[in-house]
Amino acid sequence: MKYAAPRGTKDILPDDSPLWQFIEGACRETFELFNYREIRTPIFEATDVFTRSIGDSTDIVKKEMYTFPDRKGRSLTLRPEATASVVRAGLENNLISPDNLLKVYYLGPMFRYERPQAGRQRQFHQAGVEAFGSNDPLLDAEVIQMAVNLFQALGLKELEVDINSVGCKKCRPAYLEALKKYFQENVKHMCKDCLARFEINPLRILDCKEEPCQKYIAKAPAMVDHLDAECKEHFKRMVGWLDGLEIKYKINDRLVRGLDYYTRTAFEVVSKQLGAQNAVCGGGRYDDLVEEMGGKSVPAIGFAIGLERIMEILRKLNVESRASNVGLYIATIGDEARKVGFDLLSKARDAGISADFDYQGRSLKAQMKAADRLKAEYVYIIGEEELKKRSAILKNMETADQHEIAFDELIDNFSGECGCGCEH
Ligand code: ATP
Ligand code: MG
């Protein structure tokens, strides 16, 4: 083989598409139930859009971005996530303002230069939502509820919702001091990355996944104990709403998100059915980002779901893709039958019936095999005799039931639940 897909990327092949479409369909349906509307932004942005928002000290900006100069020397970056792009687009198009509530969702590929492994690719897909214009904790709870509803619609169980508050720019500095004081002693026993995080942003040490660091992280001071009165109240009220909605959650005071722009509510949905990379959804509030990106002060909250990881769970659960698209396969013998068959094929498609045909002049036996391989629901078989009668056998490929239907009646009768033309 001459070419291979770039490292860390995967083709989504026709056999996989039905399951992808099922996932994407469930996302759209759930988001739209909550009145979120789709937004599509470019796959690449000016590099600043991401460096300014995501933060220089994050793994994404430090080592994961696909950044390149275009032919005029402008620095562009393939989007590693969509929130920054959505804020950029919202501001540029005047959709984000303090007195407008904007609820949008997106679906699409993201790009991060990471070491490919189970649950980690360089091009992967996310579905996510962003809501701008309210700091009401009810919205935080509703956004979490929406994620939970979506996972239910997808048939996923054994999920855990972890929540935390990471405070705001008023109360976080004192917490960072407390963390610095605590890690001062311990960081020399911790990994190289933690050492660097200690200097730049000690909060991110809590996100370290290295085993030897865990025992130090476990005893670190918790943000929830350092929240100011307003952040504390916000968290309490959000939790109250979650309780009211009977959503099960775990308060995980070690939970911080990978990006710098989060404030107050942070949450993650983790699956017990995945290995090390077990987060399927990450989200939270980012009340300062819009202002940081040049807008007025507009609070916001959102989440992103990793679709490959959802796909992996569904595969483990043996969720079958819808087996077939093909409702009707028309098999023919001889040139004249082929003409008539092709005419019926076109009529079937005009009537909204997914239909297929032989394009290689194969024998009837080979055509029946092909229909079988396509998992066609019905086959209509036209030979010389049938041409004379202007009627032919329609065979249900699953039950092997068959009966005769006139050419003229095939399409009209081919409707209803079973498609066989009977009187249902
Ligand atoms: P992780 O700790 O797993 O790297 P993250 O904090 O980098 O997650 P987010 O930026 O919050 O991830 O992205 C939201 C979701 O997107 C994650 O929960 C995960 O399901 C998915 N995701 C992130 N990076 C990748 C990747 N490289 N390949 C596949 N899915 C990914
Ligand atoms: Mg990551």
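Rule-based calculations on the coordinates, nothing more; no lab input. Quick caveat: nothing in here was measured; it's all calculated off a predicted structure. Positions of Cβ are backbone-derived with ideal geometry, glycine not excepted, and every protein chain shown enters the neighbour counts.
Some points to look at:
- Net length gained if the chain between D48 and K296 were fully extended (0.36 nm per residue, minus Cα distance): 87.4 nm
- Surrounding net charge for S85, when Lys and Arg each add one and Asp and Glu each subtract one, Cβ distance under 13 Å: -1
- Note on E38/A174: beta-carbon distance plugged into 1/(1 + (r/R0)^6) with R0 of 45 Å gives a FRET efficiency of 0.65.
- Label-point separation, S97 to M1 (7 Å along Cα→Cβ), nm: 5.3 nm
- Placing unit charges on the Cβ atoms of the charged side chains and taking the dipole of the chain about its Cα centre, the candidate lying farthest along the positive direction among V224, P173, Y359 is P173.
- Between region 269-298 and region 340-375, the Cα center-to-center distance that results, in Å: 48 Å
- C-alpha long axis of helix 83-92 to longest principal axis of the chain, angle in °: 90 degrees
- Helix 137-153 and the longest principal axis of the Cα set of the chain meet at an angle near 30°.
- Seen from Y113, the other residues with C-beta closer than 15 Å to its C-beta sum to a net charge of +4, counting Lys and Arg as +1 and Asp and Glu as -1.
- Of the trypsin sites (Lys or Arg not before Pro) found in region 71-102, those in coil by DSSP whose Cβ has at most 14 other Cβ atoms within 10 Å are R71, K72, R74.
- Sparse packing (at most 14 other Cβ atoms within 10 Å of the Cβ) combined with a DSSP loop state is found for the following trypsin sites (Lys or Arg not before Pro) in region 276-342: K296, R322.
- Subtracting the Cα-Cα distance of D225 and Q184 from their residue separation scaled by 0.36 nm leaves 12.8 nm.
- According to the calculation over all Cα-Cα pairs in the chain, the P(r) per 20 Å bin from zero is 22, 43, 23, 11, 1 %.
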